[in-house]
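The values are calculated or read from the model by the stated rules, or taken from the named source; none is laboratory data. Computed from a prediction, not measured in an experiment: that's the story for all the values here. Note that each Cβ is placed from the backbone with ideal geometry, even for glycine, and that neighbours are counted across all protein chains shown. Keep in mind that these areas ignore ligands, DNA and RNA; they rest on the heavy atoms of the full protein, side chains included. Shrake-Rupley method; radii C 1.70, N 1.55, O 1.52, S 1.80 Å.
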Amino acid sequence: MCSSDLRFPEYYRKGEPHLDKFVRTVIPDKAGQIAAFISRQLSSVSGITPQDEKTIRAARPDALLYVTPGLLWSHLRLNMKLDVFKDIRVRKALQLMPNYADIGDGYYGPGWTYTGALCSAFGEAWSPEKVKSLAGFNPATKDRDRAEANKLLEAAGRPAGDGVAFEILFPSQYTLTDALQSNAIRFQGQAQQVFPKMKINVKPSGDTAAFDRAQAGRTFQVVSYNASALPELAGEAYDHYHSKGARNFGSFENAEADALIEKALTELNPNARKEIFETFQQKYMNEWQSVIHFYVSPTKAFVQPNLGGYDTVVGPWATAMSEERPGALFEVA
C-alpha cells in the first residue's frame, strides 16, 4: 500500500484535484477486491468480469460503471508449422467461419470492439467499423461467408473440414482464463456446426509454466490467448508478425511482411506510415492470415458515486494493464 497526503500545487488544471489524500491498495484476490468496493472501503475497482458486474450491480446499484475499449486483443494463434495450416485456404476458411459478435457478446456482453490484423486502437490500423464491414466479421454476410469458407475447404481437398484436426490450448491459471476458455469453446462449437467433419479439441494447459513452455517452444497447435498492444504500431507488428518477432509464437514467416514492417519502423511521415500499414493489412487478410482475431476486450471499472472526474482520465492508455492484472485499486479522501 502507498499513500500521498499532499496535493501537487503545480497541477496544470487550477483548483484541481479536489482530493486531500490518495491511498493505493493492492488486494491479491478478486473476491476481496469486490467485497472491499461494495463495503465502500475502496473508491474504485477495475478488471471487471461479467460476473463481477452482476455482483456489484446487485449490491451497489448506485456505483458508476465506466467501459472503454482497451488495448488487450484476444485471438487464436495458429502454429504455422502444422501441415494443415500451411494452406491459406484452410486458414482463410477458419477466419470466415466464426460469428465474432456471438463470441464477444457471449463472454463480455457489450463494450468489446472489432479488430483485424493490427489492434484497432491504433490510428494507423483499420477502425472497428472498417473491420466489422469485412468478410467474416460482418454479421450481415455471415451465411454467405460461411458458404465461402466451405468452398475454400472443398477446393483445398478438405470438404466440410475433413482431415482438419487440431487442439486449442488455453492457460488454465490466468486472470482471464474464463474469457480465453469461452472464446475457444464458442469457436469450437461454431466450427463443428459449419464444418461437421472438422475435429477440434479444447484443452487447459495446467499450470502457467506449462502454457508458457508450449507457447515459447512452439509445441502447441493452436493457442487461445490475448496480448496487450505495444505503445507503437510498427513495434507491435514486428513483435507478432516479423519472422524474428519475440511474440511470433506461431512461426509465421513471410519476406514481404518482414519488409513492410521494417519499412514502417524507419518511416517518420504519418501518411506514409499509414499507407504501409494499409498494404500490410490488405495482404494479411487476403494472403497471410496466421491469427484469428476475435476482439479488443472492454476495460471496465466501477467507481463510487461520490468520486468525480474519472471520466477525464479513463481510457485504454490508463487502464490496459488492469484487465490483465486487476488490483489497481484506490481510496481517496
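Some notes on this structure:
- Here the spin labels are modelled as points 7 Å beyond Cα on the Cα-Cβ line, and at GLU256 and ASP105 they lie 3.6 nm apart.
- Across the chain, the longest run free of exposed loop sites, meaning chymotrypsin sites (Phe, Trp or Tyr not before Pro) lying outside DSSP classes H, G, I, E and B with no more than 16 other Cβ atoms within 10 Å, spans 13-333.
- Dividing the mean sequence gap of close Cα pairs (under 8 Å, 6+ apart) by how many residues the chain holds gives a relative contact order of 35 percent.
- Between ARG218 and any residue 5 or more places off or on another chain, the built amide H atoms are never under 5 Å apart.
- For the range 1-121, the relative contact order comes to 19 percent (Cα pairs under 8 Å, sequence separation of at least 6).
- Candidates ASN99, ASN150, ASN269: whichever shows maximal mean-square fluctuation once the chain is modelled as a Gaussian network with Cα springs under 10 Å: ASN269
- Accessible-area composition of the chain, carbon plus sulfur, in percent [1.4 Å probe]: 53 percent
- Förster-model FRET efficiency, 56 Å R0, GLU287 and VAL313, C-beta, rounded to 0.05: 0.85
- Phi angles of the range 246-254 translate, via the Karplus equation with coefficients 6.51, -1.76, 1.60 and θ = phi - 60°, into HN-Hα couplings of 5, 10, 7, 5, x, 6, 6, 9, 7 Hz per residue; Gly and Pro are given as x.
- Net length gained if the chain between LYS197 and GLU10 were fully extended (0.36 nm per residue, minus Cα distance): 60.7 nm
- For the chain, the spread of Cα positions along each principal axis, largest first, Å: 68, 46, 40
- Helix 142-155 axis, angle to the chain major axis (alpha carbon atoms, nearest 10°): 40 degrees
- Extension gain for LEU65-LEU268 works out to 69.2 nm (0.36 nm per residue, less the C-alpha to C-alpha distance).
- Residue pairs, from the table LYS92/LYS300; LYS14/LYS54; LYS263/LYS300; LYS86/LYS263; LYS86/LYS151, whose Cα atoms sit over 28 Å apart: LYS92/LYS300; LYS14/LYS54; LYS263/LYS300
- Listed residues ASN226, HIS240, ALA214: farthest to the positive end of the dipole of the range 201-248 (Cβ charges): ALA214
- Look at where the Cα atoms of the range 12-69 and of the range 190-221 average out, and the two centres are 35 Å apart.
- The range 28-126, accessible area per residue, ligands and nucleic acids excluded (1.4 Å, Å²): 36 Å²
- Take the range 183-312 with all the other protein chains still there, run a 1.4 Å probe, and you get 43 Å² of accessible area per residue.
- Calculated FRET value between ARG40 and GLU167, using beta carbons and R₀ = 51 Å, to 0.05: 0.65
- Of the residues VAL67, VAL314, VAL90, ranked by 1.4 Å probe accessible area with the largest first, the sequence reads VAL67, VAL314, VAL90.
- Given charges at Cβ of Lys, Arg, Asp, Glu: the chain dipole, positive-most of ILE38, ALA63, TYR108: TYR108
- About its Cα centre, the chain has a charge dipole of approximately 580 debye under the convention of +1 per Lys or Arg Cβ and -1 per Asp or Glu Cβ, with nothing else charged.
- Here the spin labels are modelled as points 7 Å beyond Cα on the Cα-Cβ line, and at ALA209 and ARG144 they lie 5.3 nm apart.
- Sorting ASP62, ASP258, ASP178 on solvent-accessible area from highest to lowest, probe radius 1.4 Å, gives ASP178, ASP62, ASP258.
- Exposed-loop-free span, longest in the chain, where GluC sites (Glu not before Pro) count as exposed if DSSP calls them loop and at most 16 other C-beta atoms lie within 10 Å: 11-231
- Cut-off under 5 Å, modelled amide H: who pairs with VAL202 long-range: ILE168
- Accessible area per residue was computed with a 1.4 Å probe on protein heavy atoms; THR279 scores about 60 Å².
- Between helix 177-194 and the chain there is an angle of about 30 degrees, using the helix long axis and the longest principal axis of the Cα atoms.
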